[in-house]
1. How much accessible area per residue does the chain have, counting only protein heavy atoms and a probe of 1.4 Å, in square angstrom?
2. Note down the nm distance, to one decimal, between modelled labels 7 Å out along Cα→Cβ at residue 91 and at residue 70.
3. Would you look at the GNM of the chain, springs on alpha carbons closer than 10 Å, and say which of 11, 64, 80 moves the most?
4. Find the Cα radius of gyration of the chain, compare it with 2.2 N^0.38 Å by division, and give the number to two decimals.
5. Can you compute the equivalent ellipsoid semi-axes for the stretch 12-62, i.e. the square root of 5 times each eigenvalue of the Cα gyration tensor, sorted largest first and rounded to whole Å?
6. Å³ per residue of the Cα convex hull, for the stretch 53-94?
7. With r defined as the distance between the Cβ atoms of residue 21 and residue 83 and R0 fixed at 22 Å, what FRET efficiency is calculated, to the nearest 0.05?
Amino acid sequence: DNTQELPEKVTLSQNYPNPFNPTTQIRFEIPAQSEVRLDIFDVMGRQVATLLNQQMSAGEHTVTWDATNQSSGIYLYRITVGNVILTRKMSLIK
């Protein structure tokens, strides 16, 4: 039986690598097909990127953020799936 088990809840993993320059990978899991939004903010709360804003299938997904045009510092990445919102921090070091 090789059916892949679906995640039970929305999870947002720590980005890898972290600190990073200039790209990093953000992994998340969703338990059912959902509208997924993944945004990046600077520490002042300004949105600097939207990586996803679309229907995604259930399971594990990885998105790459290329921060070539951003300055060094702490950024927040936030995933919104339905009424679940999860946020984590990451460091860009150039």
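1. 62 Å²
2. If labels sit at residue 91 and residue 70, their model points lie 1.5 nm apart.
3. Checking each option, the largest mean-square fluctuation is seen for 64.
4. Compared with the compact-globule rule of thumb, the chain sits at 1.11.
5. Semi-axes, largest first: 21, 15, 8 Å.
6. Hull volume over Cα atoms, normalised by residue count, gives 97 Å³.
7. In this case the efficiency is close to 0.05.
The values are calculated or read from the model by the stated rules, or taken from the named source; none is laboratory data. Quick caveat: nothing in here was measured; it's all calculated off a predicted structure. Neighbour counts are summed over all protein chains in view; Cβ atoms, including those assigned to glycine, are modelled from backbone coordinates with ideal geometry. Heavy atoms of the whole protein, side chains included, go into the accessibility calculation; ligands, DNA and RNA do not. Shrake-Rupley method; radii C 1.70, N 1.55, O 1.52, S 1.80 Å.
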